[in-house]
């Protein structure tokens with residue numbers, strides 16, 4: 001513990017990474033996602049900004065790691081945009097159903113939503129992260145009004161909560177194909193209708 | 001306090017009603033909505049079941065009062081069903097937007113959802129209440145598969161959370177007409193498509 005912040009330690013040590021993440025959680029919670037900077041997090045962790053970049057390519061990646069999200073929206077978005085535009089509804093619904101079916105992916109996302117529901121500071125951070133890293137990107141890439149993207153986000157947010165938190169039946173037990181059939185046209189209409 | 005449970009007190013006293021509600025909250029939390037009975041709540045409150053009926057017409061009404069919900073789904077459902085079937089999507093979206101725009105209505109509903117998100121005992125009670133008092137009724141009255149009703153519920157749940165908890169913009173500031181235009185066709189398709 002005593003030599004943690006001594007200059008000259010190896011950049012590869014697990015502690016450095018952990019220290020950056022602890023600092024990141026503090027800075028994201030205080031400043032929100034948009035106003036937090038790599039430089040500010042490096043200062044809080046007392047490391048060189050280059051080292052933060054070495055561990056985490058982007059601010060989105062650092063946020064995902066700090067919140068223990070197993071996936072970063074930047075990894076999902078290419079999947080959405082890669083394919084015919086008239087099938088984006090199906091791709092989006094199927095991707096979200098697949099990701100949330102895995103408890104290891106789902107649990108940290110639900111934890112983030114729970115903290116947003118009960119904590120005013122967390123809500124700002126979560127809102128800014130979803131907006132900057134996900135909703136704005138989709139609206140921009142598809143040339144769709146952000147309100148329509150948010151309507152689609154709300155549909156899938158409600159599905160995940162109704163399926164895994166409220167555990168409404170038959171929704172909680174429904175198969176992916178059945179849900180894609182019902183939900184994909186909704187997302188498709190919001191995004192291209 | 002000492003004479004509260006003495007037989008022969010006046011049925012009209014505010015304490016009796018409060019005592020029934022306290023008992024109801026305890027019984028709903030323990031047994032869930034479906035297994036709770038008027039008789040069991042009367043026993044817990046040490047009053048005559050007829051007195052419970054005198055204060056609360058139905059179990060749904062008692063639940064709404066116990067959870068301090070300002071509205072009972074049984075009061076909303078007739079509004080939904082009263083009118084052309086091809087406009088039910090618009091009626092439902094407009095009703096939910098209007099009800100949740102009022103902070104006095106919204107706050108206890110959000111409190112119920114928050115407790116469901118953080119408490120395994122609450123979640124069962126909330127699930128059963130939504131299913132019995134709302135989702136099952138809609139599916140039954142419209143002759144629609146319950147899965148499709150739940151998809152519509154999920155859409156509106158997501159909208160209320162994204163608008164009032166996450167406060168995503170532009171969704172949080174969007175007007176009712178604009179939202180009805182986007183969302184009504186979704187609900188209409190789920191219910192009659």
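Can you pull the Rg over Rh of region B:20-83, Cα-only, Kirkwood? Intermediate results must be reported in sequence, preceding the final value.
Values: Rg = 12.5 Å, Rh = 12.1 Å.
Using only Cα positions, Rg/Rh for region B:20-83 is 1.03.
What nm distances, shortest first, do you get from the label point of residue A:39 to those in the other copies when the point sits 7 angstrom along Cα to Cβ?
For residue A:39, the other copies' label points sit at 7.3 nm, shortest first.
Looking at chain B from every direction and averaging, what is the projected area of its Cα convex hull in nm²? Each step should come with its number before you reach the end.
Numbers: hull surface 48.2 nm².
About 12.0 nm², averaged over all directions.
Between residue A:43 and residue A:107, what FRET efficiency comes out of the Förster formula 1/(1 + (r/R0)^6) with R0 = 35 Å and r the beta carbon distance, rounded to 0.05?
Details: r = 31 Å, r/R0 = 0.90.
The computed FRET efficiency comes out at 0.65.
Peptide A:165-177: average number of partner chain Cβ atoms within 10 Å per residue? Before the final figure, lay out each step's value.
Numbers: counts 7, 13, 4, 13, 6, 4, 9, 2, 1, 3, 0, 0, 0.
Per residue, the number of nearby Cβ atoms from other chains is 5 on average.
Which whole number gives the average, over all residues in A:142-154, of C-beta atoms from other chains lying within 10 Å of the residue C-beta? Numbers along the way, then the final one.
Numbers: counts 0, 0, 0, 3, 4, 9, 2, 2, 12, 10, 4, 6, 14.
Going residue by residue through A:142-154 and averaging, the value is 5.
Compute the acute angle (0 to 90°) between the alpha-carbon long axis of helix A:103-118 and the principal axis of greatest extent of the alpha-carbon atoms of chain A; round to the nearest 10°.
80 degrees
Pairs of Cα atoms under 8 Å, at least six residues apart: use those to get the relative contact order of region A:1-151, whole percent.
On the way: 115 pairs, mean separation 35.3, N = 151.
With pairs under 8 Å counted, the relative contact order is 23 percent.
For the pair residue A:82/residue A:169, report the inter-label distance in nm, with labels modelled 7 Å from Cα in the Cβ direction.
My value for the distance between the label points is 3.9 nm.
Using only atoms on other chains, find how many Cβ atoms lie within 10 Å of each Cβ of peptide A:130-139 and report the average.
Numbers: counts 3, 3, 0, 0, 0, 4, 0, 0, 0, 0.
Taking all residues of A:130-139 together, the mean is 1.
Taking Cα atoms, how many degrees apart are the long axis of helix A:88-101 and the longest axis of chain A, rounded to 10 and kept between 0 and 90?
60 degrees
Name the nearest-to-axis residue of chain B, judged by Cβ distance to the rotation axis taking chain B onto chain A, and quote that distance in whole Å.
For chain B, the closest residue to the axis carrying it onto A is B:158, 2.
Based on DSSP H runs of at least 4 residues, each adding -39500 (n - 2.57), what is the mean residue ellipticity at 222 nm of the protein assembly as shown after dividing by all its residues, to the nearest 500 deg cm²/dmol? Before the final figure, lay out the partial values.
Details: 22 runs with 276 residues, N = 386.
Mean residue ellipticity at 222 nm (helix-derived): -22500 deg cm²/dmol.
Please give, to one decimal in nm, the separation of the simple spin-label points placed at residue B:26 and residue B:99, each 7 Å out from Cα toward the Cβ.
Placing both labels 7 Å beyond Cα along the Cβ direction yields 3.0 nm.
Rounded if a/c is under 1.5, else prolate if a/b is larger than b/c, else oblate: which is the protein assembly as shown, with a ≥ b ≥ c the root eigenvalues of its Cα gyration tensor? Before the final figure, lay out the partial values.
Details: a/c = 2.53, a/b = 1.48, b/c = 1.72.
Cα axes put the protein assembly as shown in the oblate bin.
Could you identify which residue out of A:40, A:152, A:143 has the top mean-square fluctuation in a GNM of chain A using Cα springs shorter than 10 Å?
A:143
Say a label goes 7 Å from Cα toward Cβ at residue B:108 in every copy; what distances in nm does this one have to the rest, shortest first?
For residue B:108, the other copies' label points sit at 3.9 nm, shortest first.
Order by neighbour count: A:43, B:17, fewest other Cβ atoms within 10 Å first, most last.
Ranked by crowding around the Cβ, least crowded first: A:43, B:17.
Cα axis of helix B:176-192 to longest principal axis of chain B: angle in degrees, 0 to 90, nearest 10?
80 degrees
Put the label 7 Å from Cα along Cα→Cβ for residue A:176; what are its distances to the other copies, in nanometres, shortest first?
When each copy's label point is compared with this one, the spacings are 4.0 nm.
Throughout, read-outs are computed from the coordinates displayed, never taken from laboratory work. On a predicted model such as this, the values are computed, not experimentally measured, just so you know. With ideal geometry, Cβ positions are generated from the backbone for all residues, glycine too; neighbour counts draw on all protein chains shown.
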